[in-house]
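I have placed the structure first, in the form of structure tokens, so that the comments after it can refer back to it.
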Amino acid sequence: MRIKAKKQNEDGIVKLETSGELKEIIVKEDFLNPNNSLTELCFRGKNSSGIVELTTREIEMLNREIETRKNLLKGIKVLKFDK
């Protein structure tokens, strides 16, 4: 997993890039307010670690995008030729 982030600072824009392995997925559900549930992606790398929080709406949006792109890749065939 690679994460690229950009943050505005007094000195200007600070860019951060890190990578790591996805270790755990935590789903925090709120039974009283189902719209406020969160999904946390926990990752750990060699010199970094972190948590990416996604709302239910963001997860659904990601799922829709991935499904549309997955259908595009079904009909593709890679042909290799020897010279």
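Throughout, read-outs are computed from the coordinates displayed, never taken from laboratory work. Only a predicted model underlies this, so the values are computations on that prediction, with no experimental measurement involved. Note: ideal-geometry Cβ built from the backbone for every residue, glycine included; neighbour counts use all protein chains shown.
For the range 1-13: of the residues being closer than 23 Å to Leu41 by Cα and assigned to a strand (DSSP E or B), which is farthest from the chain's Cα centre (by Cα)? For the range 1-13, the residue satisfying everything is Lys7. When Ser19, Ser37 are checked against the criterion of being among the hydroxyl-bearing types (Ser, Thr, Tyr), on the phi < 0 side of the Ramachandran plot and touching a helix residue (DSSP H, G or I) at 6+ places or on another chain (Cβ under 8 Å), a single residue qualifies: Ser37.
Does Val52 satisfy being under 16 Å from the mean Cα position of the chain (by Cα) and of a type in the set (Val, Ile, Thr)? Step through it out loud before you land on a result.
Values: under 16 Å from the mean Cα position of the chain (by Cα): yes; of a type in the set (Val, Ile, Thr): yes.
The answer is yes for Val52.
For the range 38-69, which residues satisfy the criterion of being part of a strand (DSSP E or B) and of a type outside the set (D, E, K, R)?
Let us first name the residues in the range 38-69 that are part of a strand (DSSP E or B), namely 38-44, 49-55.
Of everything in the range 38-69, those that are part of a strand (DSSP E or B) and of a type outside the set (D, E, K, R) turn out to be Leu38, Thr39, Leu41, Cys42, Phe43, Ser49, Gly50, Ile51, Val52, Leu54, Thr55.
Is there any pair with a first residue in the range 3-23 that is without any contact (Cβ under 8 Å) to a residue 12 or more places away in the chain and more than 19 Å from Glu53 (Cα to Cα) and a second that is of a type in the set (A, V, I, L, M) and in a strand (DSSP E or B) whose Cβ atoms are under 9 Å apart and which are 6 or more apart or on different chains, and what are they? These pairs meet every condition: Gln8/Val14; Val14/Ala5; Lys15/Ala5.
Filter the range 20-57 down to the residues that are closer than 21 Å to Met1 by Cα and aromatic (Phe, Trp, Tyr) and list them by number.
Kept after step one, since they are closer than 21 Å to Met1 by Cα, are these residues of the range 20-57: 20-27, 38-56.
Answer for the range 20-57, where residues must be closer than 21 Å to Met1 by Cα and aromatic (Phe, Trp, Tyr): just Phe43.
Working carefully through the options Leu79, Leu72, Leu22, Leu16, find the one that is assigned to a loop (DSSP other than H, G, I, E, B) and either surrounded by 10 or more Cβ atoms within 10 Å (Cβ to Cβ) or of a type outside the set (Asp, Glu) (or both).
On the way: Leu72 fails: assigned to a loop (DSSP other than H, G, I, E, B); Leu22 fails: assigned to a loop (DSSP other than H, G, I, E, B); Leu16 fails: assigned to a loop (DSSP other than H, G, I, E, B).
That would be Leu79, the only listed residue that is assigned to a loop (DSSP other than H, G, I, E, B) and either surrounded by 10 or more Cβ atoms within 10 Å (Cβ to Cβ) or of a type outside the set (Asp, Glu) (or both).
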